[in-house]
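A.B. asks: Supplied in structure tokens, the structure appears directly below.
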């Protein structure tokens with residue numbers, strides 16, 4: 001059993017407020033600071049705190065216009081005793097939750113806000129292709145590896161050959177998440193249903209991945225606030241407690257590995273389930289970093305929800321849909337709600353555990369888990 005790499009936060013730190021922009025992008029009418037202000041206001045309304053209560057701020061950098069921490073707190077009128085930037089990259093979302101929890105748990109901050117705003121769509125940000133000036137890996141561009149999706153496509157292609165997986169089976173992920181988006185008023189794809197035949201007729205972006213296997217670059221802002229369990233009890237909404245946190249660095253961002261990153265996922269799973277005192281059978285709702293749909297296969301196997309090579313069958317028959325045995329990404333996720341590098345997923349987790357999700361509410365949900373993609377495999381577990 002791997003020891004947790006960070007302190008045991010079980011039931012000691014809680015998420016007490018979440019807020020977002022009024023809608024998801026593109027939002028050319030709002031600059032990056034206005035989006036942050038809107039999300040902060042909604043988060044403060046959600047938990048009943050005032051700006052003056054916030055004494056810690058972590059500013060998550062998006063993939064659009066930079067938002068330096070000093071400019072952010074100045075423009076929002078917050079004067080914390082601690083503030084810092086947190087580098088961009090969706091794979092780092094899980095560790096950022098651990099950072100905020102650490103600041104609260106250690107006493108550095110009483111009420112710590114994580115502020116994330118991203119105008120990548122309006123900014124014209126691209127990942128790969130001719131518009132990606134920096135390139136994702138300059139040495140590999142000559143071989144066609146011009147985007148993160150190209151690497152996932154090759155990983156999934158190898159997975160298909162190794163385990164007998166099919167493209168049609170993979171389509172169950174995109175179809176399930178589109179169904180969930182249809183129940184979410186803010187989801188960008190809420191009015192665009194997707195059948196498995198629609199999926200199979202979708203164009204390839206990088207074989208064997210289709211357009212429906214890719215996340216959507218868009219605009220939006222998310223703010224969440226954490227505090228101690230003791231302080232959380234006095235606030236407006238029921239606290240959502242962190243009961244498990246873990247992470248493990250994997251391989252280089254754009255290198256292939258022989259086992260689909262199972263090792264860092266398994267190490268992370270050992271940490272979080274030990275801290276939380278639960279196992280995979282106790283998870284009511286599962287969330288994952290779905291920049292590309294095959295990530296779910298690798299994580300289901302790496303975290304132990306099914307055996308290696310069995311994820312393709314595991315996700316069939318409505319199992320991962322709302323009403324199924326293990327609902328996954330109930331908001332629609334990056335594939336069908338919005339891509340904000342995991343931050344909007346945390347909002348959905350909190351609202352599900354509070355019972356605030358209306359038509360897409362998972363009945364009786366008490367425990368939710370997030371799985372972050374390797375490299376920098378990460379995970380956290382929340383309970384109501």
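Every number here is computed from the coordinates shown, using simple stated rules; none is lab data. Nothing here was measured: the structure is a model prediction, and the numbers come from that model. When we count neighbours, we look across all protein chains shown, and the Cβ atoms used for this are built from the backbone with ideal geometry, even at glycine.
A.B. asks: Given a Förster distance of 30 angstrom, what is the FRET efficiency for residue 259 paired with residue 356, based on the Cβ-Cβ distance and rounded to 0.05?
C.D. replies: 0.20
A.B. asks: Can you tell me the length gained on complete extension of the stretch residue 234 to residue 87, counting 0.36 nm per residue apart and subtracting the Cα distance?
C.D. replies: That pair, residue 234 and residue 87, stretches by 49.7 nm at full extension.
A.B. asks: Please list, in order, the residues from segment 336-355 whose amide nitrogen is less than 11 Å from a point placed 7 Å along the Cα→Cβ vector of residue 384.
C.D. replies: Within reach of a label on residue 384: 350-355.
A.B. asks: Between residue 52 and residue 191, what is the spin-label point distance in nm, taking each point 7 Å from the Cα along the Cα→C-beta axis?
C.D. replies: 4.4
A.B. asks: Working out 0.36 nm times the residue gap between residue 106 and residue 310, then minus their Cα-Cα distance, what length gain in nm do you get to one decimal?
C.D. replies: Fully extending the segment from residue 106 to residue 310 adds 69.3 nm.
A.B. asks: Identify which of 287, 207, 339 has the largest mean-square fluctuation in a Gaussian network model of the chain, with springs joining Cα atoms closer than 10 Å.
C.D. replies: 207
A.B. asks: Okay, helix-only estimate at 222 nm for the chain: each DSSP H run of n ≥ 4 adds -39500 (n - 2.57), divide by all residues, round to 500 deg cm²/dmol; what do you get? It would help to have the intermediate numbers written out before the result.
C.D. replies: Values: 13 runs with 124 residues, N = 384.
Taken over the chain, the calculation gives -9500 deg cm²/dmol.
A.B. asks: Still on this structure: Would you mind computing, in nm to one decimal, how far apart the modelled labels at residue 198 and residue 79 are, each placed 7 Å from Cα along Cα→Cβ?
C.D. replies: Taking the two extended label points, one gets 5.2 nm.
A.B. asks: Among 321, 337, 29, which one shows the highest mean-square fluctuation when the chain is modelled as a Gaussian network with alpha-carbon springs under 10 Å?
C.D. replies: Greatest mean-square fluctuation among the candidates belongs to 29.
A.B. asks: Which peptide among 161-173, 298-310 comes first, and what is the full order, when sorted by highest mean count of other Cβ atoms within 10 Å?
C.D. replies: Working: 161-173: 17.3, 298-310: 20.3.
Packing proxy ranking, top to bottom: 298-310, 161-173.
A.B. asks: Let me ask something else. Once you place label points 7 Å from the Cα toward the Cβ at residue 282 and residue 158, how far apart are they in nm?
C.D. replies: It works out to 3.4 nm between the two label points.
A.B. asks: Using Cα pairs closer than 8 Å and at least 6 residues apart in sequence, work out the relative contact order for segment 1-88, in percent.
C.D. replies: Result for segment 1-88 is 26 percent.
A.B. asks: Compactness ratio of segment 256-384: Cα Rg over 2.2 N^0.38 Å, N = residue count?
C.D. replies: Dividing the Cα Rg of segment 256-384 by 2.2 N^0.38 Å gives 0.98.
A.B. asks: With springs only between Cα atoms under 10 Å apart, run a GNM on the chain and tell me which of 195, 331, 106 wobbles the most.
C.D. replies: Looking only at 195, 331, 106, the biggest GNM fluctuation is shown by 106.
A.B. asks: Using the per-residue mean of other Cβ atoms lying within 10 Å as a proxy for protection, in what order, highest first, do the peptides 214-225, 344-355 fall?
C.D. replies: Numbers: 214-225: 26.1, 344-355: 23.0.
Top to bottom by mean Cβ count within 10 Å: 214-225, 344-355.
A.B. asks: On to the next question. Assuming R0 = 35 Å, what is the FRET efficiency of residue 29 and residue 166, from their Cβ-Cβ distance, to the nearest 0.05?
C.D. replies: The formula returns an efficiency of 0.20 here.
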